[in-house]
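The values are calculated or read from the model by the stated rules, or taken from the named source; none is laboratory data. Since we're looking at a predicted model, the values are computed, not measured. Counting neighbours? That spans all protein chains shown, and the Cβs are built from the backbone with ideal geometry, glycine included.
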Amino acid sequence: MKKLQVLILAIVTVLVLSACSGDAAGKDGSTVKVGVTGTDGQVWDIVAKLAKEEGINVEFVEFADYTLPNQALANGEIDLNSFQHIAFLSEFTKQGGLDLVPIGATLIAPMGIYSEKYEDIADIPDGSKIAIPDDPSNQARALRLLETAGLIELADDFGLFGDPTKITSNPKNLDIYAIVAQQTPRVLPDVAASIINNGVAGQAGFDTANDPIYLEDATNENVRPYINVFAARAEDATNETYLKLVEIYHHEDVIAAVKEDTNGGSLVVDLTQEELLQAYKELGE
């Protein structure tokens, strides 16, 4: 009987320790699920390798479109995501009532105007069709790019989430229509030009530094809302493991990989968490 009691006590002790071990792993973030919309290239492999050296196991969860990773993060299906810029995160969380925040900057990926028919933005003829992304932040960003390129003019109150109704001048009578961001490369045969997010363009095989016929200026302070970030649930904003991943992203090996993977088309950005939160707060006001 005593042997049986000892055996039962030993089994219970093992189960309790195992449960405690599992809880601890979940709380300290030793295994981190990061939602992304693409794992091509070497960047995430290098991040995972460097994280492993710090005792952090990283699992990347790939999503097919931009509407899913934030909801998955809010639901606790993943721990972080890294696919979006500050403006997109602000608009998405505001519309969905999600309590998510940026905890670290990754890179700025300039948006480009692409065309299979024309080599110069000035060559786009009257009445042409122009495709732009349909999510609010990237749609507004695309329209700003068209304005910078001299094709349209926008209202003074356009803001960060304006839409085509805010176009005040369209001298070439361009037919500007919005589609799902991932479809913008696929419609190139059917339009005069398409405005494509840097990440989507890279996945479609474009040289994002040289293929656009017009490219956003990544050094302009006006593009700060379009700096890509790691996002977390607000309750995890100070999680040391997550912040360590942010630090790892700025390792020289990762910076070199971003440059190589994008052929110099994207730039790693290093902003403090306070700067990111301030920009995020201003967008939400």
Flagged in the range 129-139 as surrounded by 19 or more Cβ atoms within 10 Å (Cβ to Cβ) and of a type outside the set (A, V, I, L, M), in numbering order, are Pro133, Asp135, Pro136, Ser137, Asn138, Gln139
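Would you kindly identify the helices (runs of 4 or more DSSP H) lying entirely within the range 1-86 that contain at least 1 residues that are at pLDDT below 85 and not charged (D, E, K, R)?
Fully inside the range 1-86 and qualifying: 2-28.
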Just name the residue that is surrounded by the most Cβ atoms within 10 Å (Cβ to Cβ) out of those in the range 268-285 that are in a loop (DSSP other than H, G, I, E, B) and among the acidic types (Asp, Glu).
Asp270
Return only the number of the condition from (1) assigned to a loop (DSSP other than H, G, I, E, B); (2) outside the structural domain of Glu53 (by TED's automatic domain parsing); (3) among the small types (Gly, Ala, Ser) that Gly265 does not satisfy.
(2)
Tell me yes or no: at least one residue of the range 85-102 is over 23 Å from Ala218 (Cα atoms), more than 13 Å from the chain's Cα centre (by Cα), outside the structural domain of Ser194 (by TED's automatic domain parsing) and polar (S, T, N, Q).
yes
Between a residue in the range 31-58 that is farther than 20 Å from Ala256 by Cα and any residue that is part of a loop (DSSP other than H, G, I, E, B) and among the small types (Gly, Ala, Ser), which pairs come within a Cβ distance under 8 Å, given they are 6 or more apart or on different chains?
Thr37/Ala64; Gly55/Ser30; Ile56/Gly29; Ile56/Ser30; Asn57/Ser30
Can you go through Ser169, Ser194 and tell me which one is among the polar types (S, T, N, Q), out of contact with any Pro (no Cβ under 6 Å at 6 or more places or on another chain) and either in the same structural domain as Asn81 (by TED's automatic domain parsing) or crowded, with 16+ Cβ neighbours inside 10 Å (or both)?
Ser194
Going by the conditions given, is Ile86 over 21 Å from Pro133 (Cβ atoms) and crowded, with 23+ Cβ neighbours inside 10 Å?
no
Where Lys49 falls short, out of the listed (1) surrounded by 13 or more Cβ atoms within 10 Å (Cβ to Cβ); (2) out of contact with any helix residue (DSSP H, G or I) (no Cβ under 8 Å at 6 or more places or on another chain); (3) under 21 Å from Arg186 (Cα atoms):
(3)
